[in-house]
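A short worksheet on the structure shown next.
The values are calculated or read from the model by the stated rules, or taken from the named source; none is laboratory data. Because the structure is predicted, anything quoted here is derived from the model rather than measured. Every residue, glycine as well, gets a Cβ built from its backbone with ideal geometry; the counts of neighbours run over all protein chains shown. Note: accessible area is taken over every heavy atom of the protein model, side chains too, but ligands, DNA and RNA are not part of it. Shrake-Rupley method; radii C 1.70, N 1.55, O 1.52, S 1.80 Å.
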Amino acid sequence: MSLETIAPITLEAIELRRIALPLVSPFRTSFGTETARDILLVRAITAHGEGWGECVAGNDPLYSSEYVEAAEHVLRHHLIPRLAAHRSCLDAHEIASILEPVKDHRMAKGALEAAVLDAQLRGAGVNLGEHLGAVRDRVPSGVSVGIMNSLDELERVVGGYLADGYVRIKLKIEPGWDLEPVGMVRRVFGPHVPLQVDANTAYTRDDGAHLARLDEFGLLLIEQPLPEDDVTGHALIAREVRTPICLDESIVSRHAAIDAIERGACSIINIKAGRVGGYLEAVAVHDACAERGVPVWCGGMLETGIGRAMNLALAALPNFTITGDVSASDRFWKHDVVTSPVRLDAGHVHLPSGAGTGVEIDRDFLQSVTTSAVTISW
Ligand code: NPG
């Protein structure tokens, strides 16, 4: 799909702002436990207004090699300087090719592109969802449930989310925390709750028979059982289990998505804009999957209201036919950095409708949680 052209902007400066936000409860995955996030926000300052992007790199390089300190460094010293020559007439759609000589660092690149895209769309009075090709104004909301200390705790937490209205549950799993918790959730909450699991690379090629024991629970999918570079291993596992295999960490670009699909490694893809280098590449992944009949869903990376609004715009594209990790802000945050945090409404979340991301920053709160801010101007 080719997106409508929007007027370029003149970039005057970029602000890199770090904020510290505590999570409402610890979030444990097979790769670690998070209790608070150190989040890097990117602000594009233009002659006619500003735009915001959020970098999803974690505190530590545990989900991928990117982490927040490195993201700030590469933005300051390698990515932002490369925009200088283009800054008087900059289009977000050119940024990926301008930054292409710098290898990887997709979360950092994606945040910079997002800030410029938001500024451009605000300037043009165009909503992000509309620009990306959204076909709905609300999407069903799924929730990701971390690894717990006990089955009782898991039962309580899942029961709470179902009572809130979440329409799909994703359980984090790892060796030793898989068959039992999944079996308990099925037993207690019934066979009709849409349920899926996410291993975040915690298993090996030898675990095919073990993972096949999850088949009896009627899961929607098993996400990323093996390490990200083992695409062939996923193809082997996909032949051993009946439950569809979905890839997350392995899919770092449109090219990687096509390769994984062609090799039979997955029949569903989780799209996270940060992981693939930005929302525009995310649309390209979406389109490539649609052309190949592979459904996608929108992943989440504990975003604030800025990234959450952008994810909603993406999740409203037509091939996002599977419920995503697009939960309400209060799933993670007591206080969000935007004035109208995402709220759950009958199991759905609504796309903001204004220009750009459509959300406004709560400036006082943002200031109160800021730990550092640097402005790079020309
Ligand atoms: O809803 O934002 C959310 C969290 C969804 O489980 C979730 N994200 O592996 O997909 C994941 C996981 C994650 C979180 C990954 C933080 C990396 C960082």
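Brief remarks follow.
- Any hit, region 257-264, residues being in the same structural domain as LEU317 (by TED's automatic domain parsing) and over 19 Å from ILE245 (Cβ atoms): no
- Region 114-124, residues that are among the charged types (D, E, K, R) and open to solvent by less than 10 Å² (accessible area, probe 1.4 Å): ASP118
- Taken together, the criteria place LEU128 among residues that are farther than 24 Å from PRO26 by Cα and within 20 Å of the chain's Cα centre (by Cα).
- Failed criterion for ALA238 (all others in (1) within 14 Å of the ligand (Cβ to nearest atom); (2) in a helix (DSSP H, G or I); (3) open to solvent by 20 Å² or more (accessible area, probe 1.4 Å) hold): (1)
- Only listed residue being in contact (Cβ under 8 Å) with a residue 12 or more places away in the chain, in a loop (DSSP other than H, G, I, E, B), open to solvent by less than 10 Å² (accessible area, probe 1.4 Å) and of a type in the set (Gly, Ala, Ser), chosen from SER353, SER327, SER340: SER327
- Count - residues of region 1-39 that are crowded, with 17+ Cβ neighbours inside 10 Å and either in the same structural domain as ALA199 (by TED's automatic domain parsing) or over 21 Å from the mean Cα position of the chain (by Cα) (or both): 6
- Region 356-378: number of residues that are assigned to a loop (DSSP other than H, G, I, E, B), open to solvent by 30 Å² or more (accessible area, probe 1.4 Å) and polar (S, T, N, Q): 0
- Of the helices (runs of 4 or more DSSP H) lying entirely inside region 125-232, the ones with 3 or more residues being open to solvent by less than 50 Å² (accessible area, probe 1.4 Å) and closer than 15 Å to ILE245 by Cβ are found at 208-212.
- From VAL116, VAL158, VAL167, residue being under 19 Å from the mean Cα position of the chain (by Cα), in the same structural domain as LEU195 (by TED's automatic domain parsing) and β-branched (Val, Ile, Thr): VAL167
- The listed residue being among the β-branched types (Val, Ile, Thr), at pLDDT 95 or above and away from the ligand (no atom under 16 Å from the Cβ), out of VAL296, VAL283: VAL283
- Some residue of region 196-205 being on the phi > 0 side of the Ramachandran plot and more than 16 Å from the ligand (Cβ to nearest atom): no
- Only one of the numbered conditions (1) within 16 Å of the ligand (Cβ to nearest atom); (2) more than 20 Å from the chain's Cα centre (by Cα) is not met by VAL145, and that is (2).
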